């Protein structure tokens, strides 16, 4: 049986501080995988939740990409997709609302779409906060509680502080 979450629980998980590892940028460099490039990064939130950032971009169409924040629920191997930032490569239809649009859009996990039996993130809204893969990744990091590591202010070996 699929794990289900309320809208409040989803909002709390989105807001949970998620400290990025020091080497997060290099760990998100995309790797080739038959027709597209992808990468994943696991992050532990401040409240102990386990998250995964999943990146996928087509090698053919630069507007065909997904930048995803998923929860790894305890005691299951299924991911729960909290947010998905999609590129301007296809149209999307929200089944409950009956609205269809084309362009960059953000998928949101919702309780009502879970209850309908759709994917948890089947609801989406058009978005103009990003235009490409890189800006979509920055948008996800900014909007979903990620925190960049603090830079060590101490001098490096061989450096002298005045």
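Values in this text are rule-based calculations from the coordinates and carry no lab data. Keep in mind it's a predicted model, so treat the numbers as computed, not measured. Neighbour counts are summed over all protein chains in view; Cβ atoms, including those assigned to glycine, are modelled from backbone coordinates with ideal geometry.
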*Inter-label distance for residue 148 and residue 30, nm, one decimal - labels placed 7 Å from Cα along Cα-to-Cβ*: 2.2
_If you fit an axis through the alpha-carbon atoms of helix 133-143 and take the longest principal axis of the Cα set of the chain, what angle between them do you get, 0 to 90°, nearest 10?_
90
*Relative packing of peptides 84-94, 29-39 - highest average C-beta neighbours within 10 Å first*: 84-94, 29-39
*Taking R0 as 22 Å, what's the FRET efficiency between residue 102 and residue 58 from their Cβ-Cβ distance, rounded to 0.05?*
0.85
*Cα convex hull of the stretch 1-82: mean projected area in nm², to one decimal?*
6.6
*Most fluctuating residue of 15, 124, 70 in a GNM of the chain with Cα springs under 10 Å: which is it?*
15
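Taking R0 as 30 Å, what's the FRET efficiency between residue 135 and residue 47 from their Cβ-Cβ distance, rounded to 0.05?
For R0 = 30 Å, the calculated efficiency reads 0.60.
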_Would you report the distance distribution of C-alpha pairs in the stretch 57-132 as whole percents per 10 angstrom bin, up to the bin with the largest distance?_
19, 46, 29, 6
*Once label points are set 7 Å from the Cα along Cα→Cβ at both residue 77 and residue 4, what is their separation, rounded to one decimal in nm?*
2.5
*Would you please put 60-68, 103-111, 73-81 in order of how densely packed they are, using the mean number of other Cβ atoms within 10 angstrom per residue and starting with the highest?*
103-111, 60-68, 73-81
